[in-house]
1. If you take all C-alpha pairs in the stretch 55-163, what percent of them are over 15 Å apart?
2. Pairs of alpha-carbon atoms within less than 8 angstrom and 6+ residues apart define the contacts here; what relative contact order does the stretch 57-163 have, in percent?
3. Once the Cβ-Cβ distance between E155 and E97 is put in as r, and R0 is 25 Å, what FRET efficiency do you end up with, to the nearest 0.05?
4. The stretch 29-135: which trypsin sites (Lys or Arg not before Pro) are DSSP loop and have at most 14 other beta-carbon atoms within 10 angstrom?
5. Within the set of other residues whose C-beta is less than 15 Å from the C-beta of R52, count the net charge using Lys and Arg as +1 and Asp and Glu as -1.
6. With respect to the cross-link table entries K46/K118; K118/K150; K118/K162; K46/K86, which display a Cα-Cα separation exceeding 25 Å?
Amino acid sequence: MSELGQSTFCDILPQHIHAIGPTGTAQQLENALSEIAWSFYQSEAKGVRGHRDFLNKTNHTLLFVRHQFKLGFLNEMRNDAQAAIKHFAQCYHHLLELRSTDTNLHEIRIVAAIVNYKICRLDFTLNLPRDAIAQFRRHIDLFRQRTGPKELIFEHYAWLSKQ
């Protein structure tokens with residue numbers, strides 16, 4: 001406990017230390033810390049879901065993208081690849097629903113590339129290479145034609161070459 005009596009992010013509760021015991025092994029320590037981390041990520045996800053329930057889809061579309069990405073990341077940290085792919089796919093879908101203008105198109109492309117990478121990597125982790133390849137091709141097909149303003153077309157081709 002900290003001086004103020006509040007738990008900080010690196011405090012270990014006595015019940016977790018007791019679970020290890022005086023002659024605990026590294027595996028027991030790993031299990032205890034894994035349980036603490038899992039419960040932390042689960043409570044964070046509950047907070048995000050609770051905040052998401054209060055959002056209006058027409059006025060808060062960017063927050064929907066952010067919340068889905070955050071839930072995907074939290075599930076990734078909990079080693080729940082199926083749920084992570086589901087949330088990253090919803091994030092990608094919300095990105096595609098955004099109204100893109102010349103000013104925000106580059107930002108949408110960058111975020112879409114990050115989310116696409118996460119989906120493809122998780123698909124390969126789950127031994128689903130066809131899904132990963134299909135996702136990548138769909139991503140390129142969707143963003144190949146979204147070039148933006150003519151004077152910044154070089155940015156589009158630079159982004160496309162990095163994909």
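1. That fraction is 64 percent.
2. 21 percent
3. 0.65
4. Hits after loop and neighbour filter: K57, R99.
5. With Lys, Arg at +1 and Asp, Glu at -1, the net is +4.
6. Flagged as over cut-off: K118/K150.
Every number here is computed from the coordinates shown, using simple stated rules; none is lab data. This one's a predicted model, so the numbers in the text were calculated from it and none came from an experiment. Neighbour counts run over all protein chains shown; Cβ positions are idealised from the backbone, glycine included.
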